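Heads up: the structure comes next, in structure tokens.
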Amino acid sequence: MLELKAVSYAYPDALYPTLSEVTLSVANKERVALVAPSGFGKTTLCKIAAGYIRSFQGSVTVDGLPLPRRGVCPVQMIFQHPELAVDPHMRLEKTLAESTHDTHEIARLCEALGIKQAWLHRYPHELSGGELQRICIARALASHPQYLVADEISTMLDAVTQADLWQFLIRETQARSMGLLFVSHSPALTKRVATRVVDLRTLPDESAKI
């Protein structure tokens, strides 16, 4: 179980906290959609859940254990803008290799995601947004996480690419019994993907918890 308990966070110089005592949990095999208008802290909560930033109050645990400060995190995140999530000076082959030493898993993910070998010898700016997002998805999954966090990962992509990526993620998370926490402003996508929808505005209301 991925659990966030009484999580609060405020950015420097902010008048009010972005998040205040938010409690949320995601179980194995669950696909939880996090919804709320812009400015309610969805991206911040995603980053906290994946260990990219630390809350100043509360806790984040996986199966009762805090997220590790070093090594591979059991919660991996895919960002909305893939070009900002990779080293622009590193060839993508090395970007993928840094996530795992399991070359067979990288090869499997590349095939499943339609990643061409030629892409791996290029730099991020030489790929389209959809191509680069496939690389970022493969990188997140290659380390065999228990949970995946996806923050508006297909907003900037065309409809065909969106459908391909989400169909793959549904299959992959089901096959691995992974939990998925995702953000989307598309009601149609949320309805198709989510097994549960949580409105951030209602948290920490007990009705929004498992």
Degrees between helix 103-113 axis and first principal axis of the chain (Cα, 0 to 90, nearest 10): 80 degrees
Burial ranking of peptide ranges 154-163, 70-79 (average Cβ count within 10 Å, highest at the top): 70-79, 154-163
Two-site label geometry, SER143 and ASP63: point separation in nm, points 7 Å out along Cα→Cβ: 1.7 nm
Interchain or long-range residues, amide H under 5 Å from ARG31's placed H: LEU180, THR195, ARG196
Lysines whose Cα lies under 30 Å from that of LYS29, excluding same-chain neighbours fewer than 8 positions away: LYS5, LYS42, LYS47, LYS116, LYS191, LYS209
Contour minus Cα-Cα distance for SER128 and ARG54 (0.36 nm per residue): 23.5 nm
Spacing of the two label points (7 Å from each Cα toward its C-beta) at ALA6 and ARG70, in nm: 3.0 nm
Counting DSSP beta bridges with both ends in the chain, the antiparallel % (nearest 5): 40 percent
Which label in (1) 65, 48, 35; (2) 48, 36, 32; (3) 63, 41, 25 gives the computed Cα extents along the principal axes in Å: (2)
Gain upon complete extension [ASP13, GLN167; 0.36 nm per residue less C-alpha separation]: 51.3 nm
Within the range 55-92: backbone nitrogen closer than 18 Å to the SER20 label point (7 Å, Cα to C-beta): 55-59
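Read the figures in this text as sums done on the coordinates, not as results from a lab. Nothing here was measured: the structure is a model prediction, and the numbers come from that model. Reconstructed Cβ throughout: ideal geometry from the backbone, glycine too, with neighbour counts over all protein chains shown.
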